[in-house]
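FYI, it's all coordinate maths here, none of it is from the lab. What you see is a predicted model; the values in this text were computed from it and never measured. Quick reminder, even Gly has a Cβ in these numbers, built from the backbone with ideal geometry, and neighbours come from all protein chains shown.
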Amino acid sequence: MATRRPIVAGNWKLHGSRQTSRALAVAVAEGLAGIDLGPARLRGENPPLEVLLCPPFVYLAELAELVAASHLRLGAQDVAVEEAGAFTGEVAAAMLRDVGCRYVITGHSERRALFGDTDERVAGKVLAALRAGLSPILCVGETRAERDAGDTLTVVRRQLQVVLEALDSGQVSAAERQMMSVAYEPVWAIGTGLTATPADAQAVHADIRATVGRRDATMASALRVLYGGSVKVSNAKDLFAMQDIDGGLIGGAALLAGEFVSICKAAAS
Ligand code: 13P
């Protein structure tokens, strides 16, 4: 692990109830309090690890209150491009901040594949998040067909480039200040049990950092690049040991408190 402070984020996707969400958040908070990090250190100026929970929108406000005294932070799974108006069903970035949410996932491959998020819409969402003071987690990643065609880096660079080009210099500074991060999630590894090898993931992560570096060197060296796609306790340590892998975006394993806490331990050690 490089010197950048790692992030482990649990993306709960469309799972759970009010009751199970509360129970999971409490169990994760307790599990983390019990490990070597200690909640006081985590809450301090320079915590060794950032841990985020990204529940469905409707549970954000309640969980924000529930975990307020812990080191846990909250992220949303998506955000509207627009700030306000006749956009039925959307949730604006300012609303997320209003309920205590500090991070937001943008451009997850499920939003891209199932809900029409184009690279341009994703860029709009990153900008909306930055305007509201949120920290965006920009997801990128190739499909199996793109990988088989040898197009992994082309696809990931394009997804990044569209966002980088949408940012003016003030917004690049905001992205640095607000600690925007990137999550590399190969689509073929999501929910499949298949994982990129640490070496393959590292190669893409290094390329992501280099691509961002061509826009802004300072931003690139501080940028946290998370890996996502079937991360489990059994593979987390090897992935997180790679130089440019600064944590993980966890799906299925984030729904199991014990597993998720163990993944956090792997990132913190
Ligand atoms: P899995 O960990 O279930 O593969 O999901 C990864 C993911 O999509 C996180 O955003």
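Annotations
- Volume per residue for region 111-227 equals 101 cubic angstrom (convex hull of Cα atoms).
- Gaussian network model of the chain, springs between alpha carbon atoms under 10 Å - residue of Ala84, Ala61, Ala183 with greatest fluctuation: Ala84
- Each Lys and Arg Cβ is given +1 and each Asp and Glu Cβ -1; about its Cα centre, the chain then shows a dipole of about 460 debye.
- Along principal axes, Cα extents of region 114-174, largest first, whole Å: 38, 25, 16
- Rounded to two decimals, the Cα radius of gyration of region 200-269 over 2.2 N^0.38 Å is 1.17.
- Split the chain at each of the GluC sites (Glu not before Pro) in a DSSP loop with at most 16 other beta carbon atoms within 10 Å, and the longest piece is 91-269.
- Per-bin percent of Cα-Cα distances, the chain [10 Å]: 7, 33, 39, 19, 2
- Local electrostatic count at Glu83 - Lys and Arg +1, Asp and Glu -1, tallied over other residues with Cβ under 13 Å: 0
- Computed about its Cα centre, the charge dipole of region 134-269 is approximately 220 debye, with only Lys, Arg, Asp and Glu carrying charge at their Cβ.
- Residue with peak Gaussian network fluctuation, the chain [Cα springs, cutoff 10 Å], from Val140, Val51, Val162: Val162
- For region 43-159, the normalised intensity computed at q = 0.16, 0.19 Å⁻¹ comes to -0.80, -1.01 (log10 of I(q)/I(0), Debye sum over alpha carbons, equal scatterers, no solvent).
- Farthest toward the positive end of the dipole of region 147-225, out of Met179, Ala166, Val156, is the Cα of Met179, where the dipole comes from beta carbon charges about the Cα centre.
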